[in-house]
1. Of all strands (runs of 3 or more DSSP E) completely enclosed by the chain, which ones contain at least 2 residues that are under 11 Å from the mean Cα position of the chain (by Cα), surrounded by 14 or more Cβ atoms within 10 Å (Cβ to Cβ) and without any contact (Cβ under 8 Å) to a residue 40 or more places away in the chain?
2. Suppose we filter K22, K70, K35 for residues that are at pLDDT 95 or above and farther than 17 Å from N2 by Cα; which single one remains?
Amino acid sequence: MNIELHPTFKKHYKKRISQNQKLTSKTIERVGLFKQDPKNPLIKDHALTGTHFGHRAFWITGNIRVIYEKLDENTVLFLDIGTHPQVY
């Protein structure tokens with residue numbers, strides 16, 4: 001699976017995640033699980049509704065989410081990362 005990063009994702013990752021080693025490690029771990037099997041129950045992948053209709057999200061931790069969009073069968077675009085209130 002190919003993962004592309006939206007500029008907003010890059011900006012918010014740097015601001016919200018990269019400064020915390022624990023969150024950085026957990027993000028690397030969960031993105032690895034996502035790449036291996038997007039339906040892995042540990043990451044709780046789910047479709048979004050409302051203003052984010054057509055996008056999906058998965059859990060990094062209980063409160064940290066990655067919002068993404070499927071571009072095709074082999075490529076996803078990570079759109080945003082942050083706490084539930086930050087990304088929704």
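The values are calculated or read from the model by the stated rules, or taken from the named source; none is laboratory data. What you see is a predicted model; the values in this text were computed from it and never measured. We place every Cβ from the backbone using ideal geometry, glycine too, and count neighbours over all the protein chains shown.
1. Numbers: elements: 2-5, 56-59, 64-72, 75-83.
In the chain, 56-59, 64-72 are the strands (runs of 3 or more DSSP E) which contain 2 or more residues that are under 11 Å from the mean Cα position of the chain (by Cα), surrounded by 14 or more Cβ atoms within 10 Å (Cβ to Cβ) and without any contact (Cβ under 8 Å) to a residue 40 or more places away in the chain.
2. Values: K70 fails: farther than 17 Å from N2 by Cα; K35 fails: farther than 17 Å from N2 by Cα.
The match here is K22.
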